[in-house]
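Following: one structure in structure tokens, then a few remarks.
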Amino acid sequence: MDPTRLQHAPIRANNTSYRLNLTDASASLASMPAGGYLAYLDATETRGCTLRVGAAAVAPTHGGGAVTGAIVPPGVPMSLELRAAAGLHAIMNAASATGTLYLTRVR
């Protein structure tokens, strides 16, 4: 799916949305259906969150090496494509940070 098309998808009567309250411990949605999503993080913490499909999310650390997942900055819609139903996991990237991750299925 083209990320630009996901970000410009119209709001439809059959759109579905999910909400995940985040802290510095991995949180999850057990099973998300396959499709194209817009992910939006509402948080004042500027380091955002790490989003991972299929297993617990781990925040990156300085000098700690690579972690599996994608960084979602606050206030910036990001596209997400799930090719098959999967669990979705997220964690805030800063200690004691909180935020709310919204996911809207648009395709």
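Applying the condition of being touching a strand residue (DSSP E or B) at 6+ places or on another chain (Cβ under 6 Å) and not basic (K, R) to the range 94-107 and asking which residue is farthest from G35 (Cα to Cα) yields G99.
Each row is one residue, and each column tells you yes or no for (1) of a type outside the set (A, V, I, L, M, F, W, C); (2) modelled with pLDDT of 95 or more; (3) at positive phi; (4) surrounded by 14 or more Cβ atoms within 10 Å (Cβ to Cβ).
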residue	(1), (2), (3), (4)
P10	yes, no, no, no
A13	no, no, no, no
L29	no, no, no, yes
E45	yes, no, no, yes
A57	no, yes, no, yes
P60	yes, no, no, yes
G64	yes, no, no, no
P74	yes, yes, no, yes
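Looking at the range 83-107, which of the residues that are out of contact with any Ser or Thr (no Cβ under 8 Å at 6 or more places or on another chain) and among the hydrophobic types (A, V, I, L, M, F, W, C) is modelled with the lowest pLDDT? Applying the filter and picking the extreme gives V106.
The values are calculated or read from the model by the stated rules, or taken from the named source; none is laboratory data. Values in this document were obtained by computation on a predicted structure and should not be read as measured data. With ideal geometry, Cβ positions are generated from the backbone for all residues, glycine too; neighbour counts draw on all protein chains shown.
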